[in-house]
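Novice: The structure that follows is given in the form of structure tokens.
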């Protein structure tokens, strides 16, 4: 018995897809070569008989941009303090 890994039509690994099969059994869309140990891929892709990094430079830039849109912990805490101040002013009927 051995483990096979599902890949999609573009060669990208489908996570949590390791499946135990009998020797000699093969399924379309699956490969038996595990990811190399000691190598970390963000988006593993099977191309020409080997695992490569499938995440492109554009993907990294987009992820960085989207992360920059998220408020920092400091900004969240500051907004909470401002909200508490406004609620207190309303409670005291100052505003």
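Novice: Where residues in segment 15-29 are within 25 Å of residue 59 (Cβ to Cβ) and surrounded by 12 or more Cβ atoms within 10 Å (Cβ to Cβ), which of them is modelled with the lowest pLDDT? Quick ask: steps written out before the conclusion?
Specialist: As a first pass, look at segment 15-29 and keep what is within 25 Å of residue 59 (Cβ to Cβ): 15-18, 29.
Next, only the ones that are surrounded by 12 or more Cβ atoms within 10 Å (Cβ to Cβ) stay: 17-18, 29.
Working: 17: 67, 18: 82, 29: 88.
Among those residues, the one meeting the criterion is 17.
Novice: Oh, and also: Considering only segment 1-13, state which residues are modelled with pLDDT of 90 or more and loosely packed, with under 12 Cβ neighbours inside 10 Å.
Specialist: 9, 10
Novice: Please enumerate the residues belonging to segment 59-85 that are in a loop (DSSP other than H, G, I, E, B) and either exposed (fewer than 10 other Cβ atoms within 10 Å of the Cβ) or out of contact with any helix residue (DSSP H, G or I) (no Cβ under 9 Å at 6 or more places or on another chain) (or both).
Specialist: Going through segment 59-85, the residues in a loop (DSSP other than H, G, I, E, B) turn out to be 69-72.
69, 70, 72 - these are the residues of segment 59-85 that are in a loop (DSSP other than H, G, I, E, B) and either exposed (fewer than 10 other Cβ atoms within 10 Å of the Cβ) or out of contact with any helix residue (DSSP H, G or I) (no Cβ under 9 Å at 6 or more places or on another chain) (or both).
Novice: Yes or no: residue 50 out of contact with any helix residue (DSSP H, G or I) (no Cβ under 8 Å at 6 or more places or on another chain) and at pLDDT 85 or above?
Specialist: On the way: out of contact with any helix residue (DSSP H, G or I) (no Cβ under 8 Å at 6 or more places or on another chain): yes; at pLDDT 85 or above: yes.
Spelling it out, residue 50 is indeed out of contact with any helix residue (DSSP H, G or I) (no Cβ under 8 Å at 6 or more places or on another chain) and at pLDDT 85 or above.
The values are calculated or read from the model by the stated rules, or taken from the named source; none is laboratory data. Predicted model, so just to flag it, every value in this text is computed and none were measured. Neighbour counts are summed over all protein chains in view; Cβ atoms, including those assigned to glycine, are modelled from backbone coordinates with ideal geometry.
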